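Participant: What follows is a single structure, and I will ask about it in a moment.
Computed from the coordinates by the stated procedures, all read-outs in this text should not be read as laboratory data. These numbers come from a predicted model, not from an experiment. Reconstructed Cβ throughout: ideal geometry from the backbone, glycine too, with neighbour counts over all protein chains shown.
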Amino acid sequence: MSRIGRVPIAVPSGVKVDVAAGNVVTVKGPMGTLTRTFPESMTIEQENGTLSVSRPDDSKTHRSLHGLSRTLLANMVQGVSAGFTKRLEIQGVGYRVAKVGENLVFQVGFSHPVQVNPPSGISFNVETPVRLSVSGIDKQLVGQVAANIRFIRKPEPYKGKGIRYSGEVVRMKAGKAGKVGGKKK
């Protein structure tokens, strides 16, 4: 049995879960609504304020889908109740970000500013000119938008300049060692 798949999911108060035919699950909460279709082979049951996911047999496919389905369902419940946030930091001389309306404008060493528009369900927050956060109720979408922002200027390994996740450790490389031993004869 999957260790992750067999853990029940606690449904907080204020969150409503509907399991329709075809394993279409709709989760409504104070932050919004999420809908996802789960594999037909997985059985999703709701009882006494908890959700549980079970599988029909121990085949390799069903074992892998069991833990995945449970995790996706738990992320939906957490997303509509608390939401998800990814924090990013900018390092480099003159590198900064500003919020213009709902969009972000980055100055990260290019000849032009780079503008990022938020997809629906995502909000940006600029804490300082070098710190920002991406928030939303869909964990996958929050992570993808944060990865796209980081891709604008990934941290380079020599000086560490660029956009990185908060707390990310960038492995630094040594620079040129220079000539050793003087002139050749």
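Participant: Give a residue-ordered list of calculated ³J(HN,Hα) values for region 72-82 (Karplus: 6.51 cos²θ - 1.76 cosθ + 1.60, θ = phi - 60°; whole Hz; x for Gly, Pro).
Facilitator: 4, 5, 5, 5, 5, 5, 5, x, 6, 9, 10
Participant: Also, I was wondering about something else. Quote the charge dipole size of region 65-171 about the Cα centre in Debye, to the nearest 20; the model charges only the Cβ of Lys and Arg (+1) and of Asp and Glu (-1). Numbers along the way, then the final one.
Facilitator: Details: 14 positive and 6 negative charges, 68 e Å.
That gives a dipole near 320 debye.
Participant: If the viscosity is 1.306 mPa s and the temperature 10 °C, what translational diffusion coefficient in µm²/s does Stokes-Einstein give for region 84-165 when Rh comes from Kirkwood over Cα pairs? Display every interim value, and only then the final one.
Facilitator: On the way: Rh = 12.7 Å.
D = 125 µm²/s.
Participant: Would you mind classifying region 19-98 by shape? Square roots of the alpha carbon gyration tensor eigenvalues, ordered a ≥ b ≥ c; an a/c under 1.5 is rounded, otherwise it is prolate if a/b is larger than b/c and oblate if not.
Facilitator: On the way: a/c = 3.38, a/b = 1.95, b/c = 1.73.
In terms of gyration-tensor shape, prolate.
Participant: Shifting gears a bit: Can you list the chymotrypsin sites (Phe, Trp or Tyr not before Pro) in region 85-183 that are in a DSSP coil and have 14 or fewer other beta carbons within 10 angstrom? Before the final figure, lay out each step's value.
Facilitator: On the way: sites: 95, 106, 110, 124, 151, 158, 165; in loops: 95, 110, 158.
The qualifying sites are 110, 158.
Participant: Right, another one. If you average the C-alpha positions of region 27-60 and of region 122-168 separately, how far apart do those two centres end up, in angstrom?
Facilitator: Each part's Cα centre sits 31 Å from the other's.
Participant: Charges on Cβ only, +1 for Lys and Arg, -1 for Asp and Glu, centred on the Cα centroid of region 84-165; of 107, 151, 162, which one is farthest towards the dipole's positive end?
Facilitator: 162
Participant: Let me ask you something else. Which of (1) 43, 23, 12; (2) 84, 21, 13; (3) 35, 16, 14 is the computed semi-axes √(5λ) of the Cα gyration tensor in Å for the structure on display?
Facilitator: Given (1) 43, 23, 12; (2) 84, 21, 13; (3) 35, 16, 14, the calculated one carries the label (1).
Participant: Then there is this: Karplus couplings for region 105-113 from phi (6.51 cos²θ - 1.76 cosθ + 1.60, θ = phi - 60°), rounded to Hz, Gly and Pro as x?
Facilitator: 10, 9, 10, 10, x, 8, 6, 9, x
Participant: Using a simple spin-label model with points 7 Å from Cα along the Cα→Cβ vector, what separation in nm is obtained for residue 52 and residue 154?
Facilitator: So the two model labels end up 4.4 nm from each other.
Participant: Given a Förster distance of 30 angstrom, what is the FRET efficiency for residue 166 paired with residue 64, based on the Cβ-Cβ distance and rounded to 0.05?
Facilitator: On the way: r = 31 Å, r/R0 = 1.04.
Calculated value: 0.45.
Participant: Moving on to the next point. Using a basic spin-label model with each label point 7 Å from the Cα along Cα→Cβ, how many nm lie between residue 43 and residue 117?
Facilitator: 4.7 nm
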